[in-house]
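K.L.:
Please find one structure pasted underneath; my questions will follow.
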Amino acid sequence: MFETKNRNFLDRAIIVGFHDLMVSPAEASEHLSELQELMRTLGIPVIKEITVSLRNPSPKFLMGSGKAEEIANIAKEMKADSIVFDHDLSPSQQRNWEKFTKLCVIDRQEVILEIFARRASTREAVLQVELARMQYSLPRLTRAWTHFSRQTGGKFVKGAGEQQIEIDRRIIKHNISQLQKDLEEVKQQRITQRKKREKTSTPHAAIVGYTNAGKSSLLNKLTGAHVLVEDKLFATLDPTTRHFTLPNNQNILLTDTVGFVRKLPHALVDAFKSTLEEAVLADFIVHVLDISSQYVDEHWKTTLSVLSELGAGDKDIITVFNKSDVAEDPLLRSKLKALQPDGIFISAKTGLGLDKLVSEITRRTRNTTEIVRMRIPPARHDIIASTHKNGKVLDSKYDDDGTAELMVSIPKSLRRMFEEFICE
């Protein structure tokens with residue numbers, strides 16, 4: 001990984017994108033814009049964007065040697081200290097570029113890994129990210145630029161002996177093995193926590209969407225939470241859950257999840273999934289889209305694709321078009337309505353449209369509960385107490401022998417708990 005402790009260490013980056021038969025120049029430009037935002041999140045300024053037509057990838061530089069020399073000359077003329085590729089580089093390609101340019105050369109994977117490493121706070125997320133970083137670093141031990149935690153000074157490290165590299169390789173393999181064991185323990189703890197949560201009576205909604213779409217702002221506006229809000233990608237990584245009381249006095253849980261992004265590094269898929277587990281466990285999903293982005297339809301597709309991969313593709317979804325206060329184009333609204341006819345236009349910043357969203361959340365919440373009539377014998381005061389704890393008693397009366405007849409609203413997930421006492 002690249003050095004980050006010294007603020008002035010990397011401060012002039014050139015980013016390089018690619019288009020081919022599968023990726024149009026316009027899409028390549030969009031991907032570069034996103035990479036620039038990722039770099040901004042790390043605090044590294046981008047001084048130049050370059051797009052390359054990639055028809056026949058080269059095993060040495062990914063591109064032809066002529067184009068590689070052209071990029072190296074541009075970097076030298078502009079006094080860049082790093083070149084960042086919006087494409088995965090093999091370990092050998094990375095080494096070739098660093099040897100050729102004498103600069104720090106990284107790819108999109110490494111940028112996202114670094115962001116995740118900075119933002120992870122829960123134990124599982126920290127372990128997942130560290131495992132991904134080590135798996136990424138293992139085949140790259142002979143790079144000129146090494147992981148910042150092993151950096152000892154200077155622009156880049158040279159002359160590592162073969163013996164030292166083998167020692168480092170054994171250390172990393174041992175650490176990978178230990179991290180995998182630690183993660184398995186955390187996974188078992190998470191399974192136990194999930195079982196406890198499945199017993200709760202409170203409906204749960206997960207707020208998902210592309211990174212920087214306004215998910216945290218929406219959670220703050222609805223619940224009065226104080227979740228970090230920044231105009232940066234992955235401003236929040238670990239999920240945050242808050243209680244929210246609906247107009248009908250129904251309490252629900254709202255969870256702000258990590259934002260989605262294109263080209264997520266394969267090594268980070270597990271870490272990403274662990275932070276998005278709230279979406280899988282939720283009763284329904286609030287999908288937030290930033291309509292001020294010209295690529296909102298692509299963001300919509302990306303999010304739905306990831307939800308499907310997570311096993312949450314069949315969840316009930318409320319689509320929310322955020323930032324309506326800055327995007328009032330009627331043609332855009334028509335296009336978005338065609339994309340999602342039931343979508344709700346809001347502004348998490350001004351509160352525009354939030355009343356409609358809350359009404360829809362209330363309606364969807366009703367689908368997670370059911371009203372049942374129950375007859376409970378006088379000896380089962382524990383069941384009566386449980387109905388008050390896990391549901392909402394709408395009506396009650398008692399026979400002369402103390403048998404309780406209750407009309408109760410309970411979560412559908414808890415019906416089995418009361419099945420014995422439910423009257424047909």
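K.L.:
Have a look at segment 26-119 and give its Rg and Dmax from the Cα atoms, expressed in angstrom.
P.N.:
13.0, 39
K.L.:
Could I ask something else about it? In whole Hz, with x marking every Gly and Pro, tabulate ³J(HN,Hα) for segment 94-105 from phi via Karplus 6.51 cos²θ - 1.76 cosθ + 1.60, θ = phi - 60°.
P.N.:
Karplus-based 3J(HN,Hα) across segment 94-105 equals 4, 5, 4, 5, 5, 5, 6, 9, 6, 10, 6, 10 Hz.
K.L.:
Next question. How far apart, in nm, are the 7 Å Cα→Cβ label points at Asp355 and Thr142?
P.N.:
The answer from the label model is 6.8 nm.
K.L.:
Starting from the 7 Å offset along Cα-to-Cβ, what nm value, one decimal, do you get for the label separation of Leu246 and His174?
P.N.:
With each label point 7 Å from Cα toward Cβ, the separation is 5.5 nm.
K.L.:
Under 20 Å from the 7 Å Cα→Cβ point of Ala26, by amide nitrogen: which residues of segment 330-347?
P.N.:
Only 330-340 pass the distance filter.
K.L.:
A further question on this structure: Given H placed on each backbone N at 1.01 Å, which residues far from Thr319 in sequence or on other chains put an amide H within less than 5 Å of it?
P.N.:
Here the answer is His287, Ile344, since their amide H atoms fall under 5 Å of that of Thr319.
K.L.:
Okay, which of segment 72-86 sit inside 18 Å, backbone N to the point 7 Å along the Cα-Cβ direction of Thr51?
P.N.:
84-86
K.L.:
Sticking with the crude label model, points 7 Å out along Cα→Cβ, report the distance from Val393 to Phe100 in nm, one decimal please.
P.N.:
Roughly 7.6 nm, to one decimal.
K.L.:
Shifting gears a bit: Pull up the DSSP beta bridges for segment 1-104 and report the antiparallel fraction as a percent, rounded to 5. Before the final figure, lay out the partial values.
P.N.:
Details: 2 of 14 bridges.
Around 15 percent of the beta bridges assigned by DSSP in segment 1-104 are antiparallel ones.
We did not get these values from a lab; they are worked out from the coordinates using the rules stated. Worth saying up front: this structure is predicted, and the values here are computed from it rather than measured. Neighbour counts are summed over all protein chains in view; Cβ atoms, including those assigned to glycine, are modelled from backbone coordinates with ideal geometry.
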